[in-house]
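Here is the structure we will look at, set down as structure tokens.
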Amino acid sequence: MRCNLPPLTKEYVEDVGTRTHLVTANPSIIEKRFQNLLWSRKVFADKMKVYGSSFIYMPAFSMKPGTDPSLRAYYALADSSSNVTMLFANPEFLRSVGKFWKARGIHAKRLSTGLFLVSLALGLCDEVTAYGFWPFSVGLDKHPISHHYYDNILPYKWFHAMPEEFIQLWHLHKSGTLRMRVGHCPPQNERS
């Protein structure tokens, strides 16, 4: 599972692999990266080929501004005979997950896509390992790190509560509910 239509180009493959079963797409990504699909739907459909026959998961009906870009993405893929399948998140699921985490101390305008995805994975998968949930601009080795592995575009200030989310995920890690991987991954030949 991957968040926010990340690139899987050759400069990242050694670190992030290519296998994808489900990838999220926030409607704002459709708006910003693909000009709301108002001009060229082919570019979008071609870029989605990197995800093979996976599912794209979008919150189409949770907020009114997200519906049109989500439907445009669906039709762009359907019209291009794409191998990816669009899934729309149930708005009640998203509200319930938000209430659940708010009751556990996450006070943000909106949860991150990553936390929604981890919540979904915990309900679907026998084992969950979370990578890339380090909420700080400096790594364990005290070197600067970017917000995403492919860019350093930060969310709007006070929009997400990444440190609070990290603490909750770390508690789940400590309890054995999931595994979190922080810091650098070992080289491919040293992985079990």
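Working out 0.36 nm times the residue gap between residue 145 and residue 83, then minus their Cα-Cα distance, what length gain in nm do you get to one decimal? Kindly include the intermediate steps, with their values, before the conclusion.
Details: separation 62, 0.36 × 62 = 22.32 nm, distance 3.40 nm.
That works out to 18.9 nm of additional length.
Counting only C-alpha contacts under 8 Å and six or more residues apart, can you give the relative contact order of the range 109-177 as a whole percent? Don't skip to the answer; put the middle values down first.
Working: 37 pairs, mean separation 25.6, N = 69.
With pairs under 8 Å counted, the relative contact order is 37 percent.
As a test of understanding, state the convex hull volume per residue of the range 51-192 from its alpha carbons, in Å³.
Working: hull volume 22.3 nm³, N = 142.
Roughly 157 Å³ of hull volume per residue.
Given H placed 1.01 Å from N in the peptide plane, which residues other than close sequence neighbours of residue 180 have an amide H under 5 Å from its amide H?
For residue 180, the qualifying residues are 130.
Ignoring ligands, DNA and RNA, what percent of the 1.4 Å accessible area of the chain is carbon and sulfur? Walk me through the numbers before you get to the answer.
On the way: 6900 of 12300 Å².
Of the solvent-accessible surface of the chain, carbon and sulfur hold 56 percent.
Quick one: 3J(HN,Hα) in Hz for the range 49-58, Karplus 6.51/-1.76/1.60 with θ = phi - 60°, rounded, Gly and Pro as x.
My calculation for the range 49-58 gives 4, 4, 8, x, 9, 7, 9, 10, 10, 10 Hz in order.
Hey, what do the phi angles of the range 130-136 turn into as Karplus ³J(HN,Hα) couplings, whole Hz, using 6.51/-1.76/1.60 and θ = phi - 60°, x for Gly and Pro?
Karplus-based 3J(HN,Hα) across the range 130-136 equals 9, 10, x, 9, 7, x, 10 Hz.
Pairs of lysines 8 or more apart, or on different chains, with alpha carbons under 26 Å: count those in the chain, would you?
Qualifying lysine pairs in the chain: 24.
What is the sum of charges around residue 98, taking Lys and Arg as +1, Asp and Glu as -1, for the other residues whose C-beta is under 14 Å from the C-beta of residue 98?
Details: positive: 95, 99, 102, 104, 109, 110; negative: 92, 164, 165.
The answer is +3.
Starting from the coordinates of the alpha-carbon atoms of the range 3-76, obtain the Kirkwood hydrodynamic radius over all distinct pairs and give the value in Å to one decimal.
Numbers: mean 1/r = 0.0783 Å⁻¹.
Evaluated on the range 3-76, it is 12.8 Å.
Pull up all non-local amide H partners of residue 24: gap of 5 or more, or a different chain, and H-to-H distance under 5 Å with H placed in the peptide plane.
Amide H neighbours of residue 24: 2, 3, 4, 5, 57.
Using helices alone, what [θ] at 222 nm do you get for the chain, with -39,500 (n - 2.57) per DSSP H run of 4 or more residues, divided over all residues and rounded to the nearest 500?
The helix contribution divided over the chain gives -12000 deg cm²/dmol.
How high is the relative contact order of the chain, in percent, with contacts defined as C-alpha pairs under 8 Å that are six or more residues apart? Display every interim value, and only then the final one.
Numbers: 232 pairs, mean separation 34.4, N = 192.
After rounding, I find 18 percent.
Just report the Cα centroid separation between the range 59-75 and the range 17-40, whole Å.
Value for the Cα centre distance between the two parts: 11 Å.
Could you check the simple spin-label distance between residue 177 and residue 122, using points 7 Å along Cα→Cβ, in nm with one decimal?
Distance between label points: 0.3 nm.
The values are calculated or read from the model by the stated rules, or taken from the named source; none is laboratory data. Note that the coordinates shown come from a computational prediction; the quantities given were computed from them, not determined experimentally. Ideal geometry is used to build each Cβ from the backbone, glycine not excepted, and the neighbour counts take in all protein chains shown. The area values use the complete protein model at the heavy-atom level, side chains included, leaving out ligands, DNA and RNA. Shrake-Rupley method; radii C 1.70, N 1.55, O 1.52, S 1.80 Å.
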